[in-house]
1. For a quick check of your reading of the model, give me the residue pairs whose first member lies in the stretch A:149-165 and is away from chain B (no Cβ under 11 Å), whose second is assigned to a helix (DSSP H, G or I), with beta-carbon atoms closer than 6 Å and at least 6 apart or on different chains.
2. Among the residues of the stretch B:162-179, write down those that are of a type outside the set (A, V, I, L, M, F, W, C) and over 23 Å from A:SER186 (Cα atoms).
3. Which residues, counting only those in the stretch B:269-284, are out of contact with any strand residue (DSSP E or B) (no Cβ under 8 Å at 6 or more places or on another chain) and either within 26 Å of B:TRP13 (Cα to Cα) or without any contact (Cβ under 8 Å) to a residue 12 or more places away in the chain (or both)?
4. When you look at A:GLU86, is it crowded, with 24+ Cβ neighbours inside 10 Å and under 24 Å from the mean Cα position of the chain (by Cα), yes or no?
5. Exactly one condition in (1) of a type in the set (D, E, K, R); (2) more than 14 Å from the ligand (Cβ to nearest atom); (3) open to solvent by 10 Å² or more (accessible area, probe 1.4 Å) is not met by A:GLU160; state its number.
6. Residue by residue through the stretch B:52-70, note down the ones that are surrounded by fewer than 24 Cβ atoms within 10 Å (Cβ to Cβ), more than 7 Å from chain A (Cβ to nearest Cβ) and among the aromatic types (Phe, Trp, Tyr).
7. Please go through (1) more than 9 Å from the ligand (Cβ to nearest atom); (2) modelled with pLDDT of 95 or more for A:SER170 and return the number of the only condition it doesn't satisfy.
8. How many residues does the stretch A:173-206 hold that are open to solvent by 30 Å² or more (accessible area, probe 1.4 Å) and either more than 7 Å from chain B (Cβ to nearest Cβ) or in a helix (DSSP H, G or I) (or both)?
Amino acid sequence: MGTPELLAPAGNFEKLRTAVLYGADAVYLGGQNFGLRAASENFTDQELDAAIKFAHDRNCKVFVTLNSFFHQKDLETLPEFLQYLEALGADAAIVSDLAAVKLITRTSRIPVHLSTQASCNNSQAASFWKDQGVQRIVLGREVSLYEAQSIKEKSGLEIEMFVHGSMCMSYSGNCVISNYTQGRDSNRGGCAHSCRFEYQIEDPSTKQKKNSFFMSSKDLNGIGVLSQYIEAGIDSLKIEGRMKSYHYTGTISKVYREALDYYSLHNSFSKSPREYWDRELEKVSHRSYSEANLLLPAGPDTVYDEREHVDNESQVLGRILEVHSDFLLIEVRSAFEIGDTLELVPFIGAGESVLLTSIKSVLDLEVKRTRPGTTVKIPLIPGAAPYNLLRGLS
Amino acid sequence: MKLVTYCQSRTDWDLLKAGKPCEVILTPKALSRFGKLSFEECVQLANEMRELGFRTLLEWDLLMVESSWNSLRPNLTASFLANFSAVRVQDLGALNFLHKNFPEVLIQPILETSFHSYSAIAEIVEFLGESLDRVILSLEIPKEELSKILTKLTVPTELLGIGPLLLFYTPRSLLSAQFQNEDIRDRLLVGASQESPHKGFPLLENDRGTFMFNPKNHCLLENFNELQEFGLSHLRIDLRNKMEWYSLAAGLFSNYSRENVEKLKEGSGEKYLQGYYRVNKSDVLFKKLKNQRLIPMDQNYLGDILDVEKKAYIALHLNSSEKTIKIGDELEIKTPEGKSKVFRISEMMDANRQFLKEAKSGMVYFPHLSSISIRSKVFLREKT
Ligand code: SF4
């Protein structure tokens, strides 16, 4: 049984580079239009060109999100963009709208993946989309692994499932809270995340009131059931989070890469370094984790009934820009100083902790404490490579 | 234009049968989000309705995962489905299943929150062919577009005329955990956002999931004549918890009066909106969701400024592997604040403080320029 593809989010070029270098087999990203992350930087046409070249040079596929529900006027400019994507060699388009699916299958050779936004949750729906020319289904987050396997067997389609990240509480594509409260179409990229808000709920018949974050879902974490994903024959494991940091993209991609590689080597996870992976997954900002619907229907314990806060993220100090014979050039994201212990996050293998004995400015002047938004030189760390992340160890 | 409405109980039916025959949506608990009827009750009511000249529609708007589907499948037989004039479906799996297995069953696809374009609607119409009964159109199509769609479509169409506006639908049980000592299932609760001014959201949990509705109901009845002129064939009256207003609403179809629309709206005790009927600008705010100045919409984009040291240097990280910059080239820097500065490269260094004649990737340090901040975007100016 082959291991599934690892598909990581790329909200901008920097995140794409991080995802690719930390082991993604494929990345998904959006252009300036037609996707569902209007607030994400996304890619200009020129960046798309560079991004696809960068990824393809490293054997990584690029899927482009076109997963809005289109209004007629939005469809008018789509053919030109499709031609451009085809010329660039995009590996697939991720689509929700039937008109867009048909347009792509009739006028281009770009493979179509059905977005989770289309809420395809059963084999009959999968078969509908197969007839429309779709090659892969990104299943709704309501579907269990057992059901996914059955959908795959019955439809004969490639199946992609989320393995990690934030969860839309609603059936995807079926939440229009933002449309009517913020005037922003959530199905064209304008979701205001109203499900994360605190609400006061009142029972008018008893006058009982309760304040709660009842619509906010815990984050998905599939590391504990990875073998079930593989055994179910899931073709692609998707990490959510184009809006998240490059620290998130790098860390999560690395953990799942290592886990999948471990499985392909040992054919089981029985002696895997699971605790290490769990610790790594704790280091990025996240809500409490759950396995949502993967094994059983999501129960009340999958609700994240608290205010959004960041308290579990280990600090990202920066990333390595260049490796020279006698120093590393670092882009500083959070301040650090001499005497701090840094953790290098290599693309492969366990991190390296080093005590920082010297920092120099670009002008080779001694620096005691760095400032975010600067570049500095630090002593070489064995195994360091450009675009490795550096974390602080508290 | 014809009237379509709901029947949730025998009491509803007693009210409906007093009026003129119309189309009635029957909502079985096993298939419909808010349905209360058993399959047997649906069949019984459908038979009675048919005898009195009513058309009966079976609502199947639940979205279903594979296991719910499997347990439901044995009930969906040809003889059961034959009791109804048509079946209304939202899940494309349900649509596909009916179309392929029961070619004689007429289908009404519910496209209310999904397909807004003529092109997408036309694909569904073509897919269903003879099985199509009518299309339930999206509420997000503004009237200008709607009139065009209705001119082009040659099949019957339906819109919500008056009724609640569903905002959110999940199969998870979200409310009962909050009220552990009470049975709140099937009871309308009310939600108020504590982080925005929005309040009065009706909330409902039943054994099919949790639902949030808009505080204001949807109403297009004021536009009755206009919709008729556009060619809309059916308008739906959803007074599921306010059936006492049904006769007034139904009266509008034979004798439309604006006065009666107002009477109905006032009497129902609800507030109303027309949603996106007049105009849909739900994508115009997107440009404000991010700093447009940080989007390098230019094919001559080189990279970003990552470091600025006053009186010493500005540092450019070259992102593009395609372009080489040389001494004498002219660069334009656009700051996140919207300022723009053009300069000619007189000298540049790498991180080793070695002077460079040209550079294609990595970090490049130029002599300091005032008013430049980090995250500025740098572009190569074309030579003229
Ligand atoms: S508000 Fe929440 S449930 Fe609704 S679309 Fe956005 S993320 Fe999904």
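The values are calculated or read from the model by the stated rules, or taken from the named source; none is laboratory data. These numbers were taken from a predicted model, which means no experiment stands behind them. Neighbour counts run over all protein chains shown; Cβ positions are idealised from the backbone, glycine included. Just so you know, the surface numbers come from the protein's heavy atoms only, side chains and all, with ligands and any DNA or RNA stripped out. Shrake-Rupley method; radii C 1.70, N 1.55, O 1.52, S 1.80 Å.
1. A:LEU157/A:ALA126; A:LEU157/A:LYS130; A:ILE159/A:ALA148; A:ILE159/A:LYS152; A:MET161/A:ALA148; A:HIS164/A:ILE252
2. Applying the first criterion (of a type outside the set (A, V, I, L, M, F, W, C)) to the stretch B:162-179 yields B:163-164, B:169-173, B:176, B:178.
Result: B:SER176, B:GLN178.
3. As a first pass, look at the stretch B:269-284 and keep what is out of contact with any strand residue (DSSP E or B) (no Cβ under 8 Å at 6 or more places or on another chain): B:269, B:276-284.
Hits for the stretch B:269-284 are B:GLY269, B:LYS281, B:ASP283, B:VAL284.
4. no
5. Condition not satisfied by A:GLU160: (3).
6. Passing the criteria: only B:PHE54.
7. (1) is the only condition that A:SER170 fails.
8. 4
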